[in-house]
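In what follows, a single structure is set out as structure tokens and then discussed.
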Amino acid sequence: IQVSSNVYFATVAQRLGGEKLAEVASRFGLGRINTLDVADQRPGILPRPSTIARVRPKEPYWLPSDDWRMGIGQFLTASPIQIAGLAAAVANGGHIVRPYLVKPSTQPVVQDLHIRKSHLDELRRGMELVTDNVPGSTAKLLVLEGAAAGIKVAAKTGTAEWGGEASRSAGRTPDHAWMTGYAPAHNPTVAFAIFIHSGT
């Protein structure tokens, strides 16, 4: 997590396989409409071996590289609010809280993901290392200022490719930049997701 190792995530993804990856991603709110009070939203794309023909009709079979791309987040689409929900679940002990723009009059919709505390603790530690000022940390330059100075942030960075191989090589479709996380790291009150179009 600290160094955002594609090899690690691709290896784990290959061991799990595409159906399991998609099942878990769906439990976390990806690939489905999840915001309570937003009428115009898209679920995003969450491919799986059993439905790959709908996503990729010209090549309607699941490849080993599809597992790898799923594992590093390159084969699905998600909105910033979906990604913020992932960070919030890590921060709050493994609960997906269905997001809303206007606070509902009823209690929030909450789903317990039943994640072991030891697994969450390991994930949190990795996300804290992302913002530590040590070699290899992908967000070590993140420094909060003003009233937020000194607050420790737990985060995960990411890169989203778009366009084709030719347009990327020509520099016409530079990668998008992502960061998600929560703060303060040891007593979280805020989860966030940042997406910067062509923000390499």
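The values are calculated or read from the model by the stated rules, or taken from the named source; none is laboratory data. Remember, predicted model here, so these are calculated numbers, not experimental data. Heads up, the Cβs are rebuilt from the backbone with ideal geometry, glycines too, and the neighbour counts pull from every protein chain shown. Just so you know, the surface numbers come from the protein's heavy atoms only, side chains and all, with ligands and any DNA or RNA stripped out. Shrake-Rupley method; radii C 1.70, N 1.55, O 1.52, S 1.80 Å.
Observations on the model:
- Exclusive hit being touching a residue at least 60 places away in the same chain (Cβ under 8 Å), touching a strand residue (DSSP E or B) at 6+ places or on another chain (Cβ under 8 Å) and surrounded by 17 or more Cβ atoms within 10 Å (Cβ to Cβ), set 139, 87: 87
- Residue within segment 93-112 that is in a helix (DSSP H, G or I), aliphatic (A, V, I, L, M) and surrounded by 16 or more Cβ atoms within 10 Å (Cβ to Cβ) present: no
One line per residue, one yes/no per condition, for (1) under 21 Å from residue 77 (Cβ atoms); (2) of a type outside the set (Gly, Ala, Ser); (3) at pLDDT 95 or above; (4) touching a Gly at 6+ places or on another chain (Cβ under 7 Å):
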{"residue": "117", "(1), (2), (3), (4)": "no, yes, yes, no"}
{"residue": "121", "(1), (2), (3), (4)": "no, yes, yes, no"}
{"residue": "138", "(1), (2), (3), (4)": "no, yes, yes, no"}
{"residue": "154", "(1), (2), (3), (4)": "no, no, yes, yes"}
{"residue": "159", "(1), (2), (3), (4)": "yes, yes, no, no"}
{"residue": "167", "(1), (2), (3), (4)": "yes, no, no, no"}
{"residue": "184", "(1), (2), (3), (4)": "no, yes, yes, no"}
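- Condition broken by residue 127, with the remaining ones in (1) at pLDDT 95 or above; (2) part of a loop (DSSP other than H, G, I, E, B) satisfied: (2)
- In segment 52-68, the residue that is least open to solvent (accessible area, probe 1.4 Å) out of those that are assigned to a helix (DSSP H, G or I) and in contact (Cβ under 8 Å) with a residue 40 or more places away in the chain is 66.
- Applying the condition of being in a helix (DSSP H, G or I) and either in contact (Cβ under 8 Å) with a residue 24 or more places away in the chain or basic (Lys, Arg) (or both) to segment 24-47 and asking which residue is most open to solvent (accessible area, probe 1.4 Å) yields 27.
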